[in-house]
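What follows is calculated from the coordinates using simple rules that are stated; it is not laboratory data. No experiment lies behind these values; they were computed from the predicted model shown. Reconstructed Cβ throughout: ideal geometry from the backbone, glycine too, with neighbour counts over all protein chains shown.
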Amino acid sequence: MSGAAAVAALVAFAIVAVGAITARAGSWGVSRHREHLERLSREEFAELFVFIEPARFLKWNLLAVLVVPAVAWLATGAGVWALAGLALVVASPTVVHRRLRRRRMQALQRQLPDAIAAVAAGLRGGLALWQSMDLVPRHQPSPIAQEFALVLRQHRMGVSIDVALDEFARRTSLHDARMLAATLSIARDLGGGLAEALERQGASVRRRVAMEERIDSLTAQGRMQGVIVGALPFGVAAALFALEPDEMSRMLTTPLGWLVVVGVLLLETCGALLIRRIVRIDV
């Protein structure tokens, strides 16, 4: 009897310990996710000129965390899909931020040659550097107009042009933005022709952008083939679910089916990364 009581006590202690560890890990995970969302809304989205109130951002994400897994559970009856829905909701803010940032950086790269040319034209017309830079937010589209307006706003608040441009290069992580900051700094220190230096850099950036666009057009077919091949298994699975719903339902309700689904997703991910590496050419 005493032995059975000891075993029961050990089991109870193990259950309590596992529950405490799980609760602690869950609390730590929730805290880290909340800090991550606050940093995204306050800093990283703000650097893209997308301003989101942190409290509202946290509220909608929490609602999605509760609703999406519940809907997945009710639709499939399998806990693995509820976990998949939870993972999707948790990862979606970061994925959206990266996609928005990539699109913004591509637009900035395309617009930078015209902005540099506008500054050079202003210098040749006798304007000061900050006056020449003010031509960009006046006559160029966003997002380059937003970035130059921020540089000028920082300059009016007492920050030097060099420091403001360095911050612009850090914020955008563009090689040509760093080169612009370096060109302006070197030309001002050495007393060289600033307009000529900017014109040369603008022409160089324009050639780089044209080359990248040419490469994108040449690799577009390969990227489209990758999308079609990657989407084909999901189309086949949808057709089989329509034709044989009873048999295919095992993919969602049995451990073996979950293992197959995970294997397919891993292979799909590996294939997508491989195709992306093949068609990617750095200039």
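Of note:
- Degrees, to the nearest 10: 161-172 long Cα axis against longest axis of the chain: 30
- For E38 and A220, the difference between the fully extended length at 0.36 nm per residue and the C-alpha to C-alpha distance is 61.8 nm.
- Using Cβ point charges alone (K and R +1, D and E -1), the dipole size of segment 104-212 about the Cα centre works out to roughly 200 debye.
- A91-E212 FRET efficiency (beta carbon distance; Förster radius 30 Å; 0.05 resolution): 0.55
- Segment 125-136 - phi-based ³J(HN,Hα) in whole Hz, Karplus 6.51/-1.76/1.60, Gly and Pro as x: x, x, 7, 6, 4, 5, 5, 5, 5, 5, 5, 5
- Listed residue (V261, A203, M224) projecting farthest to the positive dipole end of segment 187-283, Cβ model: A203
- Degrees between helix 79-124 axis and first principal axis of the chain (Cα, 0 to 90, nearest 10): 0
- Converting phi to 3J(HN,Hα) with the Karplus coefficients 6.51, -1.76 and 1.60 and the offset θ = phi - 60°, segment 240-250 yields 5, 5, 6, 7, 10, x, 5, 5, 6, 5, 5 Hz in sequence order, with x at every glycine or proline.
- Among G158, P143, A128 - extreme Cα towards positive end, dipole of segment 104-212, charges at beta-carbon: P143
- Most fluctuating residue given options E213, E247, E44, as computed from a GNM of the chain linking Cα atoms under 10 Å: E247
- Over the chain: helical MRE at 222 nm, DSSP H runs n ≥ 4 each giving -39500 (n - 2.57), nearest 500: -29500 deg cm²/dmol
- Length gained on full extension, R188 to R276: 27.5 nm, using 0.36 nm per residue less the C-alpha separation.
- Here segment 219-279 is treated with +1 on each Lys and Arg Cβ and -1 on each Asp and Glu Cβ, and its dipole about the Cα centre works out to around 420 debye.
- Listed values (i) 140; (ii) 217; (iii) 131, entry calculated as volume of the Cα convex hull per residue in Å³: (ii)
- For the pair L240 and R200, the difference between a 0.36 nm per residue extended length and the Cα-Cα distance amounts to 8.5 nm.
- Spin-label model, Q131/T254: points 7 Å from Cα along the beta carbon direction are separated by 8.0 nm.
- R124-S173 FRET efficiency (beta carbon distance; Förster radius 41 Å; 0.05 resolution): 0.85
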